[in-house]
Structures are given as structure tokens and as C-alpha cells.
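Q: The structure under discussion is supplied below as C-alpha cells; questions concerning it will follow.
The values are calculated or read from the model by the stated rules, or taken from the named source; none is laboratory data. Keep in mind it's a predicted model, so treat the numbers as computed, not measured. Every residue, glycine among them, receives a Cβ derived from its backbone with ideal geometry; neighbour counts consider all protein chains shown.
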Amino acid sequence: MRTLLYSTDLALLDRWKISLSSFDLMQINDVETLYKEVLKEESALIVNLSSCGDDPISFLKPLIDAKAHILILDPNPRFESTKKILQAGVKGYGNLMMHDIHLNEALRVILDGSVWLYSAFIDEMVARLKDKPTGSQQLLDNLSQREKEVALCIKEGLTNKEIAEKLDITIRTVKAHTQNIYEKTGVSNRLALALLFNK
């Protein structure tokens, strides 16, 4: 899968190109080319949030609809803006000026189809989930008893292996329950489920 780099800041594009030299990259600095290239083939996409205009969600929607694996880099990441961007369907969110080693790691995670987030967001999300009263009962009502148990473990941030050990079931069974939970709640990954708990 190729990686598209989008920013109107040419110096930033050059920095990313040097940082990510081991990847198959294409630099783009105009919107028309960006939309055209994303429609050509499945792509990972690193986007400078500052280049998305006044309404980033509308800007990103055609890219999300085209199934691009999107990593947004923000000069000033904040919890609420991160949450909105992730709920729109991007795969990752981080600081625009993150260190090269983290940028490479983030891109590898996105290319793998997983979600990547900067650590401060994860810390704040976990803190908010722990402090949140369980107003998520409605979310759990459609789940079987075992699915509820798995969903609450996911909310706690446990891995599949940890859930299997805690509930004395196989990892395969955890994965099956997790897939059922996603289908019943209309989400596609753990992060989206955690965000539902945090609404």
C-alpha cells in the first residue's frame, strides 16, 4: 500500500519525506490531486490538519469514504478535537511535530489497519472512562451477558489475552464476542467502542 503525504506546507512535506524514507511515498500539496490519488487505489494518508481548512470533518469525509487509512497530524492536539476526528473515521491522530521514530511507528500501525493515538489522548480517555458513571447501560442492553462482560473489559483497556484470562475463555472466543459487540453497537474497532462508552 502506498502512502500519500498531504500538506500545503512544502517544508513539512520534505521533512516527512526524509523521516519516512523507507516507505513508498507520494507528496501532495493540492486538494484536487489528493482526492484523485486516493480514489486510484487503497492508500495510507498522512494529513497536516492545518491544511484541511475551516471544516476538517467535511474535508476528510471523501477520503474516509474512499477507505483511506488516515493519520491526522495536528500542531495543537486536544482531547475534544481528537475525539471528533476519530469519530469521523480516521485511523490515527498525533502531534504534527512528533519525533521521527514515532512518526514511523504511527505509519506502520496505520498501514497495518490498526489505530494509532498520541499517549496524552489515551491517558485522558482512560481517566475520563474511569470517572464516567455507567450511563452506558443502553449500550450494553443489546448484548448477551458474556458480550457485556467482554465489552466492559474492552472499556477497561484489556487486551484479548487479558480478557481471555480474566473470563476463563479462549482468545478465539474473545474475538468472536468482540466481533458480535461491534456489529450490535455499529462500531468497527475498540477505540470506537470506547468512545461510545464516553459519549
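Q: Just to verify a result, which residue in segment 55-78, among those that are surrounded by 14 or more Cβ atoms within 10 Å (Cβ to Cβ) and not aliphatic (A, V, I, L, M), is nearest to the chain's Cα centre (by Cα)?
A: His69
Q: Could you tell me which residue of segment 108-123 is surrounded by the fewest Cβ atoms within 10 Å (Cβ to Cβ), considering only residues that are touching a residue at least 24 places away in the same chain (Cβ under 8 Å) and over 14 Å from Ala68 (Cα atoms)?
A: Among residues in segment 108-123 that are touching a residue at least 24 places away in the same chain (Cβ under 8 Å) and over 14 Å from Ala68 (Cα atoms), the one surrounded by the fewest Cβ atoms within 10 Å (Cβ to Cβ) is Ala120.
Q: Would you be able to say whether some residue in segment 66-79 is farther than 26 Å from Arg190 by Cα and assigned to a helix (DSSP H, G or I)?
A: No, segment 66-79 contains no residue that is farther than 26 Å from Arg190 by Cα and assigned to a helix (DSSP H, G or I).
Q: Now a separate question. Restricting attention to segment 15-29, and to residues there that are in a helix (DSSP H, G or I) and touching a strand residue (DSSP E or B) at 6+ places or on another chain (Cβ under 8 Å), which single residue is surrounded by the fewest Cβ atoms within 10 Å (Cβ to Cβ)?
A: Lys17
Q: Right, something else. Kindly establish whether Glu32 is exposed (fewer than 14 other Cβ atoms within 10 Å of the Cβ), under 19 Å from the mean Cα position of the chain (by Cα) and either of a type in the set (D, E, K, R) or at pLDDT 95 or above (or both).
A: Numbers: exposed (fewer than 14 other Cβ atoms within 10 Å of the Cβ): yes; under 19 Å from the mean Cα position of the chain (by Cα): no; either of a type in the set (D, E, K, R) or at pLDDT 95 or above (or both): yes.
Here the answer is no, as Glu32 does not meet what is asked.
Q: Which residue pairs have Cβ atoms closer than 7 Å, lie 6 or more positions apart in sequence or on different chains, and pair a first residue in segment 45-59 that is in a loop (DSSP other than H, G, I, E, B) with a second residue that is of a type outside the set (Gly, Ala, Ser)?
A: Qualifying pairs under 7 Å: Cys52/Phe59; Cys52/Leu60; Gly53/Phe59.
Q: Please go through segment 145-164 and pick out each residue that is of a type outside the set (D, E, K, R) and either buried (at least 18 other Cβ atoms within 10 Å of the Cβ) or closer than 25 Å to Glu124 by Cβ (or both).
A: Within segment 145-164, Val150, Ala151, Leu152, Cys153, Ile154, Gly157, Leu158, Thr159, Asn160, Ile163, Ala164 meet the criteria.
Q: Hey, can you tell me all the residues within segment 82-107 that are surrounded by 15 or more Cβ atoms within 10 Å (Cβ to Cβ) and free of Cβ contacts under 8 Å to residues at least 24 places away in the same chain?
A: Asn95, His102
Q: What are the pairs with Cβ atoms under 7 angstrom where one residue, in segment 167-188, is among the β-branched types (Val, Ile, Thr) and the other, located anywhere, is part of a loop (DSSP other than H, G, I, E, B) and surrounded by 16 or more Cβ atoms within 10 Å (Cβ to Cβ)? Sequence gap at least six, or different chains.
A: What qualifies is Ile181/Leu143.
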